[in-house]
1. I'm trying to understand the selection: among the residues of region A:381-412, which are farther than 12 Å from residue A:291 by Cα and not in a loop (DSSP other than H, G, I, E, B)?
2. Check residue B:23 against each of (1) within 16 Å of ligand 4 (Cβ to nearest atom); (2) open to solvent by less than 70 Å² (accessible area, probe 1.4 Å) and name the one condition it does not meet.
3. Considering (1) open to solvent by less than 10 Å² (accessible area, probe 1.4 Å); (2) assigned to a loop (DSSP other than H, G, I, E, B), say which one residue A:192 fails and leave the rest.
4. Output the residues belonging to region B:125-137 that are without any contact (Cβ under 8 Å) to a residue 24 or more places away in the chain and either crowded, with 19+ Cβ neighbours inside 10 Å or within 11 Å of chain A (Cβ to nearest Cβ) (or both).
5. Restricting region C:69-86 to residues that are at the interface with chain A (Cβ under 9 Å from one of its Cβ atoms) and part of a strand (DSSP E or B), which is nearest to the chain's Cα centre (by Cα)?
6. Name the residue, out of B:106, B:110, that is farther than 30 Å from residue B:26 by Cβ and in contact (Cβ under 8 Å) with a residue 24 or more places away in the chain.
7. Could you list all residues from region B:114-124 that are surrounded by 17 or more Cβ atoms within 10 Å (Cβ to Cβ), part of a loop (DSSP other than H, G, I, E, B) and within 13 Å of the chain's Cα centre (by Cα)?
8. What about residue C:9, is it without any contact (Cβ under 8 Å) to a residue 60 or more places away in the chain, part of a loop (DSSP other than H, G, I, E, B) and open to solvent by 10 Å² or more (accessible area, probe 1.4 Å)?
Amino acid sequence: MDANNVARVTCPACACLCRDVDLEFDDRGDIVHTYNACRKGAAFFMGSYRENRALPKIEGKPVSIDDAVKSTVEILSNAKNPVIFGLDTSSLETQVLGVGLARKLNAAIDDTSSLCQGLVLERIIPGSMKTCTLDDVRDYSDVMVYWGSDPANSHPRHMSKFSYFPRGKKRQKGWETDRMPICIDVRKSNTAGVCKKFYKIEPKGDEGLINDLLLSLDGKIGGKEIGGKGIDGKEFAKLTNILKKAEHCTIFSGLGLVYSLKNSIKLFDALIEKLNEYAPTHVIPMVGHYNMRGMTQTLYDASGYINKVRFSDGEVDHGSQYSITSTLQGKEADAALIIGADPVSSIPLKTSISLAGIPTITIDAHETPTTMISRVVIPAAITGIEAGGEALRMDGVKHELSAPRENKEVLSDAELLKRILEGV
Amino acid sequence: MEIYQLLPKTNCKECGESTCMAFAVKIISREHGIKECTPLMEDSKYAAEKNKLLEMLKPMEDAGETGLIIHDDKCFGCGNCVVACPVNVANDPEGAAIGDGPSNDKVILKVVDGVVVAQNVGECRRFGKNRILCNACIDPCPSGAIEFV
Amino acid sequence: MVSKFMIEPEYDVTVVTVRDIFQSMYAGDKFGADYQNHSAVIIFDESDMRKMSMADGGRVKVKSSGCEVVLTARKSEDAHPGIAFMPNSIYANALIEGADDTGIPEYKQIGVTVSRTTNELTGVRQLVELQKNVELHV
Ligand code: SF4
Ligand code: SF4
Ligand code: SF4
Ligand code: SF4
């Protein structure tokens with residue numbers, strides 16, 4: 001590789017925000033090679049800016065950006081119950097603008113966290129659940145539990161950069177002896193395949209497992225009494241022991257865990273509390289979108305809640321009735337602004353499709369199923385390639401994003417939101 | 001055995017071995033390359049066998065001296081092998097050893113365009129006089145992309 | 001003679017959504033063939049596939065209470081009778097019911113019936129168009 005044509009960047013293709021990625025450019029400024037990025041990151045850098053770009057449209061017809069913005073301002077100003085959704089793949093600066101817009105419009109605002117890691121984030125961000133950074137994990141964790149998470153597929157470099165293979169301050173001997181990775185999942189995922197211990201549970205078996213763990217930690221059950229279908233009593237006793245004796249344990253909560261505890265998350269609180277009586281135990285949510293942690297933090301700072309918020313004349317209301325699924329299911333929203341999200345793909349289609357029945361505006365770099373049904377489409381720059389800013393990694397650590405290929409033809413979502421804010 | 005079956009079986013010794021069987025054994029141990037069997041390569045009556053053998057042995061050729069093969073269609077580019085390889089750790093304590101992308105060119109494994117590539121394979125612990133059966137890049141691989149043949 | 005209208009037997013399975021790195025590589029173009037081919041997939045337990053006489057790579061009709069999609073059947077490397085996996089995408093979200101009052105949909109337990117089919121894979125665009133027409137004409 002030719003050093004003149006190489007730039008070091010941060011990868012925003014997942015919430016690991018790897019900062020050691022090198023890009024190589026050709027003479028036209030196209031990204032032709034990536035170094036150190038995983039398959040997902042490489043595809044993001046080499047593919048995403050070239051293909052399937054969104055164009056400004058109103059009702060399917062090409063318009064200028066100015067007209068699209070004007071129409072957006074009109075729709076939002078006339079709406080009584082507007083909803084804003086997304087912002088998980090925007091910079092912190094854009095998120096602040098988005099929350100400001102929600103406040104100014106008296107809108108409901110929500111992001112993908114209400115469908116996934118919100119339950120854990122609303123414990124981590126206010127500080128009611130013990131957490132640590134990925135750098136702490138690298139330096140200190142001897143026990144790491146991938147619970148309902150499969151980083152090999154979702155956060156490919158998580159294990160190599162932070163949680164299993166690297167040497168760290170207190171972990172100098174190497175992964176073979178220093179670390180005890182445990183996977184708990186309903187299937188033998190790619191992650192389970194490389195962990196030293198794998199506990200296969202039934203779908204929704206998490207609750208039973210936690211109950212058993214709570215009892216066995218206190219020595220109330222053991223051996224063959226263990227429920228947790230499919231888990232052998234002896235192996236279960238080992239698990240209890242490993243967790244109890246850990247020097248520094250981190251649990252990476254995945255969607256598998258969160259979804260099956262959606263009505264019993266208090267059980268997880270109790271488990272983390274109980275584990276901490278024996279060993280320092282931390283939780284890091286395996287946040288998907290690269291800046292969902294940032295969005296939930298931004299909204300928390302502005303409103304006291306991480307998601308599902310409704311602003312009205314400066315007051316803040318919060319509750320599951322303001323989750324994107326509830327607002328759309330109840331058909332209360334009379335206009336929607338979607339920013340860097342694709343709800344038609346990512347939430348139940350029967351719910352999301354009601355966006356087709358109201359004036360929906362979508363700001364996105366790409367054509368998506370959501371832009372397909374939007375009344376107004378406004379193209380945006382790709383943050384992390386064409387526009388910079390800052391973002392919070394899954395553990396809350398702030399990183400600078402890169403803009404190695406600035407593109408003057410599209411505005412950043414921050415610039416677009418500023419213009420909309422001026423208009424409404 | 002399959003290799004032997006496809007050789008001319010004339011024991012002509014052109015390859016420097018006294019029998020085709022001996023030659024076949026040394027193909028497996030990498031002491032000979034298939035192209036050293038001149039009758040097979042040159043005589044058209046062995047064309048079908050030649051093509052079959054070339055195809056069969058292609059992975060071994062690709063793998064070079066250590067026998068390391070990377071199935072890049074399977075590879076996730078996760079870098080687990082990069083960080084776990086003891087040679088990478090020893091040669092790049094400030095980079096690969098602590099989970100970062102390699103900071104020098106002395107490593108064996110690194111990730112380019114989202115998949116792992118191997119270089120300096122002569123440094124691999126499976127190679128050379130003091131070779132050992134190292135599995136430190138295979139065991140951490142979530143995709144089964146690394147193989148030694 | 002085998003009628004082409006012969007009714008294929010239906011089987012009940014529970015779908016659990018999972019992540020797939022190869023699918024997520026193509027998420028920049030959700031209308032592209034690569035994304036569709038990696039998303040319109042359902043991964044079955046091997047013994048289930050035998051029972052349903054399905055072939056690895058064959059097509060299956062997957063039906064839930066409100067939607068029907070045609071996907072590619074794939075054989076799992078792991079054993080999980082009665083359970084099938086789907087990468088999270090618009091296809092899984094088409095099969096899912098809405099959310100309960102927690103606002104969180106049931107991504108880890110979607111009840112579906114499956115049967116063999118010779119129909120074409122459902123396209124992303126087609127899926128959206130169908131639903132949109134339903135929505136706009138109620
Ligand atoms: S692990 Fe995530 S942040 Fe790191 S290179 Fe891969 S996609 Fe990018
Ligand atoms: S050159 Fe070929 S045919 Fe002759 S002995 Fe060697 S292997 Fe056999
Ligand atoms: S066999 Fe061992 S030394 Fe050789 S590349 Fe793999 S990990 Fe490195
Ligand atoms: S560990 Fe396997 S999947 Fe990961 S980079 Fe190495 S070869 Fe590829």
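The values are calculated or read from the model by the stated rules, or taken from the named source; none is laboratory data. Because the structure is a prediction, the values reported are computed rather than measured. Please note: Cβ atoms are built from the backbone with ideal geometry, for glycine as well, and neighbour counts cover all protein chains shown. Quick note on the areas: whole protein, heavy atoms, side chains included, nothing else; ligands and nucleic acids left out. Shrake-Rupley method; radii C 1.70, N 1.55, O 1.52, S 1.80 Å.
1. Across region A:381-412, the qualifying residue is only A:387.
2. (1)
3. Residue A:192 satisfies all of (1) open to solvent by less than 10 Å² (accessible area, probe 1.4 Å); (2) assigned to a loop (DSSP other than H, G, I, E, B) except (2).
4. B:135
5. C:85
6. B:110
7. Across region B:114-124, the qualifying residue is only B:124.
8. Working: without any contact (Cβ under 8 Å) to a residue 60 or more places away in the chain: no; part of a loop (DSSP other than H, G, I, E, B): yes; open to solvent by 10 Å² or more (accessible area, probe 1.4 Å): yes.
So residue C:9 does not fit the description; no.
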